[in-house]
Amino acid sequence: MAYILQQLLTKSAKAYPDKPAVWARGRSISYRELDERSNQLAHLLRQSGVEKGDRVGLFFPKCVESIVSMLGVLKAGGVYVPLDPQAPADRIGYIIGNCGIQVLITNEERRAALPPETVSTLECCILTEGEGNRSDLVAWSQLSEFLASEAPKVTMVETDLAYILYTSGSTGRPKGVMLTHQNALTFVEWCAEEFQVRSEDRLSNHAPLHFDLSVFDVYNTLAAGATVYLITEDLALFPTSLASFIESQGITIWYSVPSALMLLLLYGRVTSEKLRSLRVILFAGEVFPMKYLRQLAEVSTASDLYNLYGPTETNVCTYYKVERERLAEFNTLPIGIACANTECFSVTPDGRLAKPGEPGELYVRGPSVTNGYWADPEKTKKMVVPNHFEEHFEEKMYRTGDIVTVGDDGNYYFQGRRDSQIKSRGYRIELGEIESALLSHSDVREAAVLAIPDELIGNRIRAVVVPHVPGSLGVLQLQQYCASRVPKYMIPEIIDLCDELPKTSTGKIDRVKLATEAAALP
Amino acid sequence: MSKHDGEMKMIEQAEVKGRIREYVLEEFAKTKGINHITDQEILTKNGVIDSMGIFRLVSFLEETFNVRIGDEEITHDNLESVDAIERLVIAKSKK
């Protein structure tokens, strides 16, 4: 029984040494190679000063080396932090500083994009592409100098941290969700059982590695001795190429946000024949519009479809296996029932369990739930709260912020958020983070950011900005300013400049009025 | 002479690349804080164009250059850079 993630690889490397473990950009790596390369990387990391619990950043586009790096960091006893390779330098610099990353695995081009003050805090950069032969700049080719046959000896337990995933933060800066080996393995073990992942399976990895959907793709592959196919941008953005890829590689398990599947349906010319290899299709991250889900159900005749639900803090906590015969009756798809080894409650504002049909906030307890946010005890205290239903001992549970109801069928149904977190293309976005970015501009007096519901991508982002001096700011100028502070998917698509924002009687920004006005605009 | 040939003569070939470059820069790159792109730059790699952007780009090409681009032609090879897009438009307009 594995209690730390890297044991999944060690076990499969013994059972299937010559089988491809990872495929990306036309290259693959066998289980033996993955095991040996990650051992070598672990030794290099130890030599570079990485000790147990140290955070190591991964900052380069998805490729075979991404998976080697994740495993290498774990084998060194470290905690990996996948960084969005397309995020602005300022944001990456903040994360590196926030969790104290001193060793970074990157490439020459991405390293050059970092703020100089961030580079100067790094003790060592290991380059997946590029030259390096100094103690603080090491080329990937130097891995061959290290011991391949076994990993460094580090004492580890299942409650040690494995990785930190940064998500949008409402106060203007991203927050680091801390996940332990046990958190991840609880989820992986449930998936292995529920989806019966086998060594013959070929899994897709559509999500970026800083997105928690990838945890299933990578670790359930390793647990089963299967093969994971990393979908890179040359495939992900081109639906017909992607559909052909699924067919030619014989992908058997697919996992992505619904919008990726919707693009396949709309532009990928998919047919039942093309998708015949897919036996399981999983989707998560946003609401799947019923119209498109019905289309998917019609075309993916060989597949079981599952709606997985859960914030990064719990990975996945509920699931619904789509009953095709009920699709006509649903207006919205249920998020289902709790996964094994996970318990969910719906709690009313006055702290009691909600009755069937009554809205409540979804709380989650169990070994898959995070201990909180890196270096942010205040935020942790707000979200990871004492389980007041347990009278005899102390226990924590996570409050998701999602409002749900329980239907007559026993399933949870998502009803909305209790705050201003939204989803766009499956990305979790705090509107407050975008507002903070706008307000940090010296010429901006007031700003409000709104989500405009959109069938295809979930939500579009619209901002209303009041400059200090009318006429002093341009839309493009503000978009460019946002681009330097937030990821591209958070830049407001539309910015309205005006002289004042509507206010409520108490002087607060009238968001209801703004949203109504915005919804009426083209 | 087909209608497409006529259209293409009106927009000189040399102008094609300029219009593609300008559209990509104004429509996608600048709003994402990127003020300069080379004709060889891989537009998908640095996030200049996202999944919805690809289809906006294709509509622009079809309308501006009066060409028809099939779903199966919307590929990375055909749309990866300003140079590649120009090759596609010129090849399509000669058909």
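Laboratory data are not the source of any read-out in this text; all were calculated from the coordinates shown. Note that the structure is predicted; figures quoted are calculated from it, not measured. Heads up, the Cβs are rebuilt from the backbone with ideal geometry, glycines too, and the neighbour counts pull from every protein chain shown.
When ranked by the protection proxy of mean other Cβ atoms within 10 Å per residue, highest first, what sequence do the peptides A:498-507, B:37-46 form? Let's see the in-between values first.
Numbers: A:498-507: 10.4, B:37-46: 16.9.
By packing density, highest mean first, the sequence is B:37-46, A:498-507.
Taking 60 Å as R0, compute the FRET efficiency from the Cβ-Cβ separation of A:Y3 and A:Q477 and round it to 0.05. For R0 = 60 Å, the calculated efficiency reads 0.70.
Peptide B:46-57 has a mean shielding of 5, counted as Cβ atoms of other protein chains within 10 Å of each residue's Cβ.
Grab the beta carbon distance between A:I452 and A:Q102, set R0 = 56 Å, and tell me the FRET efficiency rounded to 0.05.
Result of the calculation: an efficiency of 0.85.
Take each residue of peptide A:479-490, count the partner chain Cβ atoms within 10 Å of its Cβ, and average: the result is 3.
With r as the distance between the Cβ atoms of A:R326 and B:I42 and R0 = 41 Å, compute the FRET efficiency 1/(1 + (r/R0)^6) and round to 0.05.
E between B:I42 and A:R326, to the nearest 0.05, is 0.40.
Dividing the convex hull volume of the alpha-carbon atoms in region A:9-134 by its residue count gives 99 Å³ per residue.
Of all DSSP beta bridges confined to the protein assembly as shown, the antiparallel ones make up roughly 60%. If you average 1/r over every pair of different alpha-carbon atoms in chain A and take one over that average, what Kirkwood value in Å do you get? Evaluated over chain A, this radius sits at 24.1 Å.
Per residue of peptide A:229-240, the mean number of Cβ atoms on other chains within 10 Å of the residue Cβ is 6.
Label zone (B:E27, point 7 Å along Cα-to-C-beta; backbone nitrogen cut-off 11 Å) within region A:482-516: none. Pull up all non-local amide H partners of A:Y255: gap of 5 or more, or a different chain, and H-to-H distance under 5 Å with H placed in the peptide plane. Distant-sequence amide H within range of A:Y255: A:S204, A:H206, A:L282. Enclosing the Cα atoms of region A:310-417 in their convex hull gives a volume equal to 113 cubic angstrom per residue.
Estimated purely from DSSP H runs of n ≥ 4, each contributing -39500 (n - 2.57), the mean residue ellipticity at 222 nm for the protein assembly as shown is -9000 deg cm²/dmol once divided by its residues.
Potential lengthening of the chain between A:Q47 and A:H468 amounts to 146.2 nm, from the contour at 0.36 nm per residue minus the alpha-carbon distance.
Name the long-range amide H neighbours of A:Y166: under 5 Å, sequence gap of 5 or more, or other chain; modelled H, no Pro or chain starts. For A:Y166, the qualifying residues are A:V177.
Within the straight-line cut-off of under 28 Å between alpha carbons, the lysines reachable from A:K379 are A:K52, A:K175, A:K396, A:K423, A:K488, A:K508, sequence neighbours fewer than 8 places apart in one chain being disregarded.
By average Cβ neighbour count within 10 Å, what is the ranking of A:381-394, A:425-438 from highest down?
A:425-438, A:381-394
Across region A:195-309, the convex hull enclosing all Cα atoms gives 90 Å³ per residue.
Backbone amide hydrogens, once placed in the peptide plane, bring A:F330 within less than 5 Å of nothing, excluding anything fewer than 5 places away on its chain.
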